[in-house]
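Here's a structure for you.
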Ligand code: ASP
């Protein structure tokens, strides 16, 4: 096994996880072997994700500070900022348009009735969240005491504080060169630890997928079968066609080369359903395999992990339209535009953790007068859909770093 490359080991781990998961669900939950298998998989998966989360905070902080300091030193900051934000908005907009078109085209809500889900909806208390409240809490979460942000693993707030430190380091110039050198070494040190954690990735991914597959409720999935198929199909279309095409047109990197370099991160995102937990792997992939310069990767990837979510944006817009279908409400073009905008905001505001999209989705529903309780309909299938959307979220960040590197070259 140790002779196989890590990439191959991870793919084998993923396949073994899915295979064993199917086998255990076939045996059924009452069998002792299933219970022991699930317990062991739970432990291994937990340790793997905990290790990634452990290294996440020092990594985000050091990579942003060092990235920003180097960019500013080369007077590139302005262009990199604008190109990064431009790419994030463009790719999310394309994803949302795809999501809305797919639901308009396939109408997966037809044939299902809201009454079917009445019980689930009645037992569910959704936290109301208006656009104003959402914006307020989002803004409030940007500037946080750095010690609180670091200790709570609040990625967006860490990113913001690190941006300030990076800019201040450059403004201070020579005066702070020791701090910059120290942070540079700290970044190298953390990346070394990430390399060690990755040795556990094949086993961790196997465990996470085993548990996911073995604990799925197949009956529920099939009730929502058409919706699940439309969402997965559209997310795959975005991830396998739209993003690779964009990448190829702008940078000339072929889909195959991209996939080879990116797959460790894509599989980890799929298995963990967390862009944040995957961040250490994403950074490693773009720097080591896809050759993105550390100052670009160190800036685009951590920011993208919490802000740029193509899969989530696509899902939030599509799911809102699906619920409107179910409720027998036809959303006109203006209302669909509102869904477009709120889905973009909701995905920007969602942190990169499992099922985060479900929480911010409430705002999208309310923006067009749909009941927040309808989230209950989506919860049972969320775990499965989260895997695909997180993988595409992470893919968007990686494509973004390559595109930004190309477009700002020589700036
Ligand atoms: N799990 C997703 C992520 O981490 C967010 C979401 O859509 O729930 O990127």
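We did not get these values from a lab; they are worked out from the coordinates using the rules stated. The shown structure was predicted, so the numbers you read here are calculated from the model rather than taken from an experiment. Glycine gets a Cβ as well: all are built from the backbone with ideal geometry, and neighbour counts include every protein chain shown.
Assuming R0 = 30 Å, can you tell me the calculated FRET efficiency for the pair residue 23 and residue 47, based on Cβ-Cβ distance, to the nearest 0.05?
0.85
For 221, 345, what's the fewest-to-most ordering of other Cβ within 10 Å of each Cβ? Before the final figure, lay out the partial values.
Details: 221 15, 345 19.
Ordered from fewest to most neighbouring Cβ atoms within 10 Å, 221, 345 come out as 221, 345.
Once every DSSP H run of n ≥ 4 in the chain is given -39500 (n - 2.57) and the sum is divided by its residues, what mean residue ellipticity at 222 nm do you get, rounded to the nearest 500 deg cm²/dmol?
Values: 19 runs with 319 residues, N = 411.
That comes out to -26000 deg cm²/dmol.
Measure nothing but the geometry: give the 0 to 90° angle between the long axis through the Cα atoms of 225-237 and the longest principal axis through the Cα atoms of the chain, rounded to 10°.
Value to nearest ten degrees: 20.
Then there is this: Give the peptides 331-342, 56-67 in descending order of average Cβ contacts within 10 Å, highest first.
By packing density, highest mean first, the sequence is 56-67, 331-342.
For residue 79 and residue 196, FRET efficiency with R0 = 45 Å and r from the beta-carbon atoms, rounded to 0.05? Walk me through the numbers on the way to the answer.
On the way: r = 36 Å, r/R0 = 0.79.
Approximately 0.80, to the nearest 0.05.
Using a 10 Å cut-off on Cβ atoms, rank the peptides 185-193, 347-355 from the highest mean neighbour count down.
347-355, 185-193
Between residue 6 and residue 136, what length comes free when the chain is fully extended (0.36 nm per residue of separation minus the Cα-Cα distance, one decimal in nm)?
42.4 nm
Could you order the peptides 375-388, 143-156 from most to least packed, using the average number of other C-beta atoms within 10 Å per residue?
Result, highest mean first: 375-388, 143-156.
So how far apart, in nm, are the two label points at residue 236 and residue 177 if each is 7 Å from Cα heading toward Cβ?
5.5
To the nearest 10 degrees, how steeply does helix 310-326 sit against the main Cα axis of the chain, on a 0 to 90 scale?
20
Below 8 Å, C-alpha to C-alpha, sequence gap of six or more: please give me the relative contact order for segment 212-312 in percent.
18
What is the fewest-to-most order of 289, 238, 199, 140 by other Cβ atoms lying within 10 Å of their Cβ? The partial results should precede the final answer.
Numbers: 289 18, 238 28, 199 12, 140 9.
Ordered from fewest to most neighbouring Cβ atoms within 10 Å, 289, 238, 199, 140 come out as 140, 199, 289, 238.
From Cα pairs below 8 angstrom and at least 6 apart in sequence, can you work out the relative contact order of the chain, rounded to a whole percent? Show your work: numbers first, answer last.
Numbers: 591 pairs, mean separation 128.8, N = 411.
The normalised contact order for the chain reaches 31 percent.
Where does helix 131-140 land angle-wise versus the long Cα axis of the chain, in degrees 0 to 90, nearest 10?
Helix 131-140 sits at roughly 30 degrees to that axis.
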